[in-house]
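The values are calculated or read from the model by the stated rules, or taken from the named source; none is laboratory data. Everything numeric here is computed off the predicted structure, so don't read it as measured data. Here the Cβ positions follow ideal geometry from the backbone for every residue, glycine too, while neighbour counts run over all protein chains shown. Just so you know, the surface numbers come from the protein's heavy atoms only, side chains and all, with ligands and any DNA or RNA stripped out. Shrake-Rupley method; radii C 1.70, N 1.55, O 1.52, S 1.80 Å.
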Amino acid sequence: MIIAGIASLFARAEKSSRIASLAVCIIGVLYLVVGIFAKDPIFLAWLIGLALVIDGIGLLI
């Protein structure tokens, strides 16, 4: 998610899309931190879903 967010930062021109890409990068870092300590993988799935929803909204706006 971090790599995809960084790639999207440079590929997208609109400001809202760049903000969404930055949010995906932040969620990617959070995913790494939480992945170390999480005992329940469902929470990690929620983070991936949240990142996808944010990225989709950024593409629509």
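Just to verify a result, which residue in the range 12-61, among those that are charged (D, E, K, R), open to solvent by 100 Å² or more (accessible area, probe 1.4 Å) and part of a helix (DSSP H, G or I), is farthest from Met1 (Cα to Cα)? Only one residue tops the list, namely Lys15. Looking across Leu32, Leu50, one residue alone is without any contact (Cβ under 8 Å) to a residue 40 or more places away in the chain and under 10 Å from the mean Cα position of the chain (by Cα). It is Leu50.
What number of residues in the range 1-11 are buried (at least 19 other Cβ atoms within 10 Å of the Cβ) and either more than 10 Å from Ala51 (Cα to Cα) or basic (Lys, Arg) (or both)?
1
Scan the range 45-61 for residues that are of a type in the set (A, V, I, L, M, F, W, C) and touching a helix residue (DSSP H, G or I) at 6+ places or on another chain (Cβ under 6 Å) and jot them down.
Of all residues in the range 45-61, those of a type in the set (A, V, I, L, M, F, W, C) come to 45-48, 50-54, 57, 59-61.
Once the filter is applied, which keeps residues that are of a type in the set (A, V, I, L, M, F, W, C) and touching a helix residue (DSSP H, G or I) at 6+ places or on another chain (Cβ under 6 Å), the range 45-61 yields Leu47, Ala51, Ile54, Ile61.
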